1. Taking a probe of 1.4 Å, how large is the accessible area per residue of region 103-142, in Å²?
2. With Cβ to Cβ distances under 10 Å as the rule, what net charge do the other residues near Arg202 carry (K, R +1; D, E -1)?
3. For Phe62, what accessible surface area do you get with a 1.4 Å probe? Give it in Å², rounded to 10.
4. Tell me the net charge near Arg166. Cut-off is 9 Å between Cβ atoms, Arg166 excluded, with +1 for each Lys or Arg and -1 for each Asp or Glu.
5. How large is the accessible surface of Lys41 in square angstrom, using a 1.4 angstrom probe and rounding to the nearest 10?
Amino acid sequence: MLSCKVSLLALATLGVATSASGTEYVREQTLTVRPDDPQLKLRAQSDAATRGTDTLGMSVDFGKSAAGSTSLATEALSTGGGGPRLDSLRLDHDVDFGKFRLGPVPLRLDMGMRLDRQFDDDARWGMGLRPRVHSRIGRLTMDADISVEREPMADLRKTEMNYAWRADYEYRPALSFGIAASGSRRVDESLLNTPEPTLTPRVSGRYLLDDGVLLRYGVGMAVDTARNSTSPDLKVGLELKF
């Protein structure tokens, strides 16, 4: 007699993020047959800053293998109350190179690769590479990544190089102190554009309200180091597991 036991986990996340560009409401639903490896994620997003543009997304995670992990995602857009239309298809593959040490610091390196297709009048292709480094020493967590991406654009060819790093110290699960920085360089054919880098100190944490109810929060200030201007960085999320 053959028996099979399958566990079903649904994770719903409702988040609200406020910044200088507007308020964004995001609803995510994750369905999986294994608690540690989501298979299907559904996403709905409404952004007040884009004048009524709604996004519907679906991604499928094929899990890990000896060659790495692969996921496939698609998005549809609805603008001005019109019906949704297919906007993009994206294939991501991630290769984990494992752990190594740089002197006394333990590191973990992986390489992300991306290929995407934009479904508009020109039906353009884009691609990218993204090496990422992660380290954890006690309660201190550090992450850094660099990406080189070729974006599909209608009127010109754009190559963008981005960098980001962050460090977080977890005093306790409900209270963490962190700082993050990011910046980029963009090449539009012969034009070099260097957006202003930002530096964001942040206080964040997570708090278990009840069995299966987790509150996540983040309070910070994004600082434009070139213009010496600041903007609030506030994030609140509620996770429901059932």
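The values are calculated or read from the model by the stated rules, or taken from the named source; none is laboratory data. All values derive from a computational prediction rather than experimental measurement. For neighbour counting, all protein chains shown are included, and Cβ atoms are generated from backbone atoms with ideal geometry for every residue, glycine included. Each accessible area value is taken on the protein alone, full model and side chains, heavy atoms only, with ligands, DNA and RNA left out. Shrake-Rupley method; radii C 1.70, N 1.55, O 1.52, S 1.80 Å.
1. Accessible area per residue: 62 Å².
2. Once all neighbours under 10 Å are counted, the net charge is 0.
3. We get 130 Å² for Phe62.
4. Numbers: positive: Arg202; negative: Asp143, Asp168.
Its environment carries a net charge of -1.
5. 80
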